[in-house]
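Readers should treat all values here as calculations from the given coordinates under stated rules, not as data from a laboratory. It should be emphasised that the depicted structure is a prediction, and the values quoted were computed from it without experimental measurement. For neighbour counting, all protein chains shown are included, and Cβ atoms are generated from backbone atoms with ideal geometry for every residue, glycine included.
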Amino acid sequence: MLQPLVQNWREQPSDSFPFSYYPMFTAQRTKGKRETYLVGLDAHGARRLLPYGCAGPGGHNQVRRQINRSVGAGRADAVCAAVAAHVAGRTRFDDIVTVQVLTGTYDLAAYFSGAREPTSERVRASRPVLREERR
Amino acid sequence: MSPAVRLALVRVVVGGFSLAYLAKRRKMLRRVAGTDPRLFSPVGVVKVLERPLPVPVVEATVYATLAANVAFLLGWRHRCSGPAFAGLLLWQLSYRNSWSMIYHTDNLLVLHALILGLSPSADAVSVDALRGRAPAQSGVGYGWPIELMNAVTTLSYFVAGIAKVAGPLGGQWISGESLRGQVAVDGLRKELMGDGAAPVAYALYDKVWLWRAMAAGTMVVELGAPVFLADRRLARLWAAAAFTMHWAVLAIMKIKFRYQLSGAAFASFAALQRGPAGSRAVGCRRR
């Protein structure tokens, strides 16, 4: 049970299961936070955030990490293609004509005070939704 | 000495929780197994694998785990089904956590199942006991699994507490700023990709004193956990505090530590044999 404690003092700590060093809530948070997320655009260019489930099965944090890992490895297009295929097959996304993978930076204090816009945003990948892809 | 009934009731509580938990997730476990193999990052016992297993094999192990779970819950042929269930659950949840994210909500459930599966936790309140397969209940051997479960539970919180003060902030973690930052980041992520942050997080964001109080409370519950084991009443007080902490986490972050929230994680701290179920079980044995 105590053996994982050594990870706290390693340069590159490694977590495991079921014996963990429980690194959650330990990172030093900066004021700005960069996140990668999914957006859908309708025919008029209006955007809406797409839920993590569009990118893969599993829990929110698992899929979020998988997206980060794929985008970090240069596979943003593949993520975008998977999301476009998912969106194309769901009637609740019928208004979406384009999906994008974005990376935005948010000011946490401002965000929680009501200013929800990112301080910067970058399109990592973009792809039209082809309805023929509907499953 | 703890009676066999107390240990058996803990088995029933933990086995019942895990059965409901796994049954509800059986389809999700199958879908996760079909994820892009490049995202496979094996952890724990699953490290023996170099690549993911075929989906039908994973599906078969899910159903095998469920079957073993039913046997464990019923206390049927526990000498075989107990270790089998514990091993299969360890494998199943390690595999589920081998896809780029370790869910710390599963650790205690697996550790408790291992202790209960490898101990005489089906000598009462079980099919084995009804059929006369369980050995005579002398009392010897029924206390240590409970004590071990309590120690494992408190140590997991202690390890989590050490990680906080050993992190980049050190003792400054208690200032509450870090906790507030963590909650804010989690909330932002839920807004961007999930079902939104908890409204409570917005309402509390500017109340720094409250974050400081919550950080201090967290440190008492986590770093102080092993100290509370010194006395049975203190240990129960600690379990109640940890249980409350998880409900607070749910309210503020919408993070569901289901095993803890259900109370099953703290069943070993309770004198279950004094409750109605325990009285009935003891009564049955006496008749």
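Provide the convex hull volume over Cα atoms per residue for the range B:129-284, in Å³. All intermediate terms of the calculation are to be shown ahead of the outcome.
Working: hull volume 24.8 nm³, N = 156.
Here the figure is 159 Å³ per residue.
With each pseudo-label sitting 7 Å past Cα toward Cβ, what's the B:R274-A:V6 distance in nm, one decimal?
Placing both labels 7 Å along Cα→Cβ, they lie 4.3 nm apart.
If only Cα atoms are counted, what is the Rg of the protein assembly as shown, and what is its Dmax, in Å?
Cα only, the protein assembly as shown: 23.5, 76 Å (Rg, Dmax).
In nm, to one decimal, how far is the B:L49 label point from the B:R133 one, both placed 7 Å along Cα→Cβ?
3.0
Report P(r) for chain A: all Cα-Cα distances, bin width 10 Å, range 0 to the bin holding the largest distance, values in whole percent.
11, 32, 31, 18, 7, 1
Using the Karplus equation 6.51 cos²θ - 1.76 cosθ + 1.60 (θ = phi - 60°), what ³J(HN,Hα) coupling, rounded to whole Hz, does each residue of the range A:99-108 give in order, writing x for Gly and Pro?
10, 9, 9, 10, 10, x, 10, 10, 8, 4
Ignoring solvent entirely, what values of log10 I(q)/I(0) come out of the Debye formula for the range B:39-119 at 0.17 Å⁻¹ when each Cα is a single scatterer?
With no solvent term, the Cα-only Debye profile gives -0.67.
Quick check on chain A: helices-only [θ] at 222 nm, where DSSP H runs of length 4 and up contribute -39,500 (n - 2.57) each and the sum goes over total residues. Nearest 500, please. Walk me through the numbers before you get to the answer.
Values: 3 runs with 30 residues, N = 135.
Here the helix-only value at 222 nm equals -6500 deg cm²/dmol.
Tell me the relative contact order for chain A as a rounded percent, counting alpha carbon contacts under 8 Å between residues six or more apart.
Numbers: 200 pairs, mean separation 33.9, N = 135.
Relative contact order here is 25 percent.
With 10 angstrom as the radius, rank A:H44, B:H104, B:H112 by how many other C-beta atoms surround their C-beta, starting from the fewest.
On the way: A:H44 8, B:H104 19, B:H112 30.
Fewest-to-most Cβ neighbours within 10 Å comes out as A:H44, B:H104, B:H112.
What number, rounded to the nearest 500 deg cm²/dmol, is the helix-based mean residue ellipticity at 222 nm of chain B, given -39500 (n - 2.57) per DSSP H run of at least four residues and division by all its residues? Write out the running numbers ahead of the final one.
Numbers: 13 runs with 187 residues, N = 287.
Helix contribution divided over all residues of chain B: -21000 deg cm²/dmol.
What angle do you read, to the nearest 10 degrees and between 0 and 90, between the alpha-carbon axis of helix A:76-88 and the longest principal axis of chain A?
Result, in degrees: 50.
For B:V208 and A:L130, what is the calculated FRET efficiency with R₀ set at 45 Å and r taken between the beta-carbons, to the nearest 0.05? Can you show the working numbers first?
Values: r = 50 Å, r/R0 = 1.11.
Computed FRET efficiency for B:V208 and A:L130: 0.35.
Please give, to one decimal in nm, the separation of the simple spin-label points placed at B:S175 and A:R116, each 7 Å out from Cα toward the Cβ.
Result for the modelled spin labels: 3.1 nm.
Could you give the spread of the C-alpha atoms of the range B:10-62 along their three principal axes, from largest to smallest, in whole angstroms?
38, 22, 17
Chain B: percent of C-alpha pairs farther apart than 31 Å?
Working: 14785 of 41041 pairs.
Cα-Cα pairs in chain B separated by more than 31 Å: 36 percent.
Could you calculate the FRET efficiency of B:R79 with A:R92 from 1/(1 + (r/R0)^6), where r is the beta carbon distance between them and R0 is 56 Å, rounded to 0.05? The partial results should precede the final answer.
Numbers: r = 51 Å, r/R0 = 0.91.
Here the calculated transfer efficiency is 0.65.
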